[in-house]
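Some notes on the structure that comes next.
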Amino acid sequence: MIRFKEILLIDDSEIDNFVHETVLQKMGIADTISTATNGQDALDYLIEAHGNAQKTVPELIFLDINMPVMDGWEFAAAARREGVIADSVVVMMLTTSQNPDDRARAEAEGYSQGFLTKPLTAEAVEELLVQHFGM
């Protein structure tokens, strides 16, 4: 199974971050799992990581849509503008939203490579690994 240097969870719900981090830890697929509770904190984290050769940059990002300060849409646009997410990074929208417009927007604007519904499960992660990483 693939092992990432770092996975980043961006979600304003600390409970969701805890649950998702636990799922990922049990799967043993990442050396580090980092969290941010809004898009601005995540953007600042990525800008700092890019400017510091000692820090890893996430290879997989799970991004909530609805957050305070900076939501998932704003984060995705700002991260693209700042150039802090490499083309090789897989960004998955992870949300409770059942709105088909959100899914269509994510695909149309190229903000993510997929759309998952919370809570994150090991099965969903395994499917993502097969689909995006050939594992």
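Structure values in brief
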{"quantity": "Candidate residues 95, 32: accessible-area rank, largest first, probe 1.4 Å", "calculated": "32, 95"}
{"quantity": "Alpha-carbon centroids, segment 1-51 and segment 65-132: separation in whole Å", "calculated": "13 Å"}
{"quantity": "Residue-level accessible surface for residue 92, protein heavy atoms, 1.4 Å, Å²", "calculated": "10 Å²"}
{"quantity": "Area accessible to solvent at residue 69, 1.4 Å probe radius, in Å²", "calculated": "120 Å²"}
{"quantity": "With every protein chain in place, the chain: carbon and sulfur % of accessible area (1.4 Å)", "calculated": "48 percent"}
{"quantity": "Net charge of neighbours whose Cβ lies under 11 Å from the Cβ of residue 31, counting Lys and Arg as +1 and Asp and Glu as -1", "calculated": "0"}
{"quantity": "Per residue accessible area in Å² of the chain, where ligands, DNA and RNA are left out and the probe is 1.4 Å", "calculated": "52 Å²"}
{"quantity": "Ratio Rg/Rh [Cα only; Rh per Kirkwood] for segment 1-122", "calculated": "0.93"}
{"quantity": "Rounded to the nearest 10 Å², the accessible area of residue 44 at probe 1.4 Å", "calculated": "80 Å²"}
{"quantity": "Environment charge of residue 51, counting only residues whose C-beta is closer than 12 Å and scoring Lys/Arg +1, Asp/Glu -1", "calculated": "-2"}
{"quantity": "GNM result for the chain, Cα springs below 10 Å: residue of 53, 42, 124 fluctuating most strongly", "calculated": "53"}
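The values are calculated or read from the model by the stated rules, or taken from the named source; none is laboratory data. The structure presented is a predicted model; accordingly, all values stated were derived computationally and were not measured. Glycine also receives a Cβ, built like all others from the backbone with ideal geometry; neighbour counts cover every protein chain displayed. Remember, those area values only see protein heavy atoms, side chains included, never the ligands or the DNA or RNA. Shrake-Rupley method; radii C 1.70, N 1.55, O 1.52, S 1.80 Å.
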